[in-house]
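Participant: Okay, here's the structure, questions in a sec.
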Amino acid sequence: MTTPDEQPSEAPPLVRPYVITKGRGLPDDEQLSLITLVTAADDEQRRPTRRLTPEEQGLLELCAAGYLTVAELAGHTRLPLGVVRILLSGLTEGGFVIVRPPVERASLVDARILEEVLNGLQAKFG
Amino acid sequence: MDSRPSLDERAYVRGGETQTAVKILVVGHFAVGKTTFIGSISEITPLSTEERMTRAGEAVDDLKGVKGKTTTTVAMDFGRLTLSDRVVLYLFGTPGQLRFVQMWEDMARGALGALVLVDPDRLADSFAVIDLIEQYGLDYAIAVNRFDGTPVYEEAALRDALDLLDDTPVVTCDARDEKSSADALITLVRHLLDRAN
Ligand SMILES: Nc1nc2c(ncn2[C@@H]2O[C@H](COP(=O)(O)OP(=O)(O)O)[C@@H](O)[C@H]2O)c(=O)[nH]1
Ligand SMILES: [Mg+2]
């Protein structure tokens, strides 16, 4: 793993969100929902065209060790959700992260998933 | 060496490459016990995240074009339950305030359903939340969170007051207790399954 060359940041940066996101627009809500799972991509999938911002680098490091949802990434970084979405959409475009959006709602899928949720809850707490 | 605080291995979603993430909302008025409920049952220390709102209730993601407007933030808290190698359940708690439209849309989109926490002493405070859940087309169950000293309530009167459908489950729950909270959730999921079949 590469060592980030920026200073360690304790508190959330006091920078206007517009600056952090470099003015990029809003990403697709469906693609980056609260429970979309995110992980860092392999090096060979990355298409670096520019230097990552400290915030992007921070997100990338957070999800390098496994999968986290968009909401969890926002919770751990303490960045507003909208900002995290914009940063992630840039990272996705650059091939830095892989996202797994939740399944579309469909009654058949729902019934199967609900069964699984019910069984899981009963096994855990029953 | 990594200069950033890194997360414990358990913070990550187990088997993330095969998991389907689903969510259930835990809703109710202020101080009804949402945060307590999520904390009792979540496998991770509950997290919270915020969206910035303009005064008009629109979410803003950058400050472009909103210069001079007052923004406020609204927080939602959430927890996680890994139920198998295929399903990981997220519980999102939010106060029922209609003015935070963007947040509600985010929360409600794709949610399996909602557990509505109700304090029988403050029934009227639950009307707006239930209206909102119905407006977003979510199925729900009522969990009556009985605080110490709350008088025993009549289920029929409560159903009447909240104008519930006959098949809407009503359970009593102590949000501080893991088992009691899990039972309320199980009741909800059974109901959702009945609806889906
Ligand atoms: N006696 C009792 N107190 C509770 C219960 N659930 C929550 N509380 C308390 O009520 C207060 C508000 O709860 P909280 O979870 O923060 O409410 P929220 O605003 O809906 O998130 C806290 O002091 C809790 O400890 C319950 O089931 N019984
Ligand atoms: Mg709370």
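Participant: Please work out which residue is nearest to the chain's Cα centre (by Cα), limiting yourself to segment B:172-186 and to residues that are more than 10 Å from chain A (Cβ to nearest Cβ) and either in a loop (DSSP other than H, G, I, E, B) or surrounded by fewer than 18 Cβ atoms within 10 Å (Cβ to Cβ) (or both).
Facilitator: B:175
Yes/no per residue for (1) within 30 Å of residue A:112 (Cβ to Cβ); (2) out of contact with any Gly (no Cβ under 6 Å at 6 or more places or on another chain); (3) more than 16 Å from ligand 1 (Cβ to nearest atom):
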{"site": "B:137", "(1), (2), (3)": "yes, yes, yes"}
{"site": "B:145", "(1), (2), (3)": "no, no, no"}
{"site": "B:152", "(1), (2), (3)": "no, yes, no"}
{"site": "B:166", "(1), (2), (3)": "yes, yes, yes"}
{"site": "B:171", "(1), (2), (3)": "yes, yes, no"}
{"site": "B:190", "(1), (2), (3)": "yes, yes, yes"}
{"site": "B:194", "(1), (2), (3)": "yes, yes, yes"}
{"site": "B:197", "(1), (2), (3)": "yes, yes, yes"}
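Participant: So which pairs qualify, if the first residue must be in segment B:136-147 and closer than 15 Å to residue B:23 by Cα, the second must be more than 10 Å from ligand 1 (Cβ to nearest atom) and small (Gly, Ala, Ser), the Cβ gap must be under 7 Å, and the two must be at least 6 apart or on different chains?
Facilitator: Final answer for the pair search is B:136/B:108; B:138/B:108; B:138/B:111; B:138/B:113; B:138/B:114; B:139/B:113; B:140/B:113; B:140/B:114.
Participant: Taking residue B:104 and the conditions (1) within 12 Å of the chain's Cα centre (by Cα); (2) in contact (Cβ under 8 Å) with a residue 60 or more places away in the chain, which numbered condition does it fall short on, given that it satisfies the others?
Facilitator: Failed condition: (2).
Participant: When both residues are 6+ apart or on different chains and their Cβ atoms are under 8 Å apart, which pairs have a first residue that lies in segment B:23-47 and is more than 14 Å from residue B:174 (Cα to Cα) and near ligand 1 (Cβ under 6 Å from one of its atoms), and a second that is part of a helix (DSSP H, G or I) and β-branched (Val, Ile, Thr)?
Facilitator: As it stands, the answer is B:28/B:129, since those pairs meet every condition given.
Participant: Further question: Of all residues in segment B:9-33 being farther than 15 Å from residue B:91 by Cβ and facing chain A (nearest Cβ under 8 Å), which is farthest from ligand 2 (Cβ to nearest atom)?
Facilitator: In this case the residue turns out to be B:17.
Participant: Hey, another quick one. Would you mind finding the one in B:121, B:131 that is modelled with pLDDT under 90, in a helix (DSSP H, G or I), farther than 20 Å from residue B:83 by Cβ and not basic (Lys, Arg)?
Facilitator: B:121
Participant: Looking only at residues that are within 30 Å of residue A:102 (Cα to Cα) and among the small types (Gly, Ala, Ser) in segment B:107-124, which one is nearest to the chain's Cα centre (by Cα)?
Facilitator: Taking the candidates together, the pick is B:114.
Participant: Mind checking which residues of segment B:1-34 are among the hydroxyl-bearing types (Ser, Thr, Tyr) and either in a strand (DSSP E or B) or at pLDDT 95 or above (or both)?
Facilitator: B:12, B:20 - these are the residues of segment B:1-34 that are among the hydroxyl-bearing types (Ser, Thr, Tyr) and either in a strand (DSSP E or B) or at pLDDT 95 or above (or both).
Participant: Residue B:161 versus (1) more than 16 Å from ligand 1 (Cβ to nearest atom); (2) of a type in the set (Gly, Ala, Ser); (3) touching a Gly at 6+ places or on another chain (Cβ under 7 Å): which is the lone unmet condition?
Facilitator: Result: residue B:161 passes all but (3).
Participant: Continuing with the same structure: Report whether or not residue A:126 is more than 7 Å from chain B (Cβ to nearest Cβ), over 16 Å from residue B:90 (Cα atoms) and surrounded by fewer than 19 Cβ atoms within 10 Å (Cβ to Cβ).
Facilitator: Taking the combined requirement at face value, the residue satisfies it.
Participant: Being over 22 Å from residue B:8 (Cα atoms), more than 7 Å from every other protein chain (Cβ to nearest Cβ) and assigned to a helix (DSSP H, G or I) narrows it down to one of A:91, A:60, A:73, so name that one.
Facilitator: Answer to the check: A:91.
Participant: A follow-up question, please. Within segment B:34-46, restricting attention to residues that are within 23 Å of residue B:127 (Cβ to Cβ) and surrounded by fewer than 23 Cβ atoms within 10 Å (Cβ to Cβ), which residue is farthest from ligand 2 (Cβ to nearest atom)?
Facilitator: Filtering first and then ranking leaves B:36.
Participant: Please give the number of the condition residue A:82 fails out of (1) small (Gly, Ala, Ser); (2) part of a helix (DSSP H, G or I); (3) more than 9 Å from every other protein chain (Cβ to nearest Cβ).
Facilitator: Of the numbered conditions (1) small (Gly, Ala, Ser); (2) part of a helix (DSSP H, G or I); (3) more than 9 Å from every other protein chain (Cβ to nearest Cβ), the odd one out for residue A:82 is (3).
Participant: Counting only residues that are of a type in the set (A, V, I, L, M, F, W, C) and within 12 Å of chain B (Cβ to nearest Cβ), which one in segment A:33-57 is farthest from residue B:77 (Cα to Cα)?
Facilitator: The extreme case among them is A:40.
The values are calculated or read from the model by the stated rules, or taken from the named source; none is laboratory data. Here the structure is a predicted model, which is why all the values come from computation and not from measurement. A quick note on method: Cβ atoms are made from the backbone with ideal geometry, for glycine too, and the neighbour counts reach across all protein chains shown.
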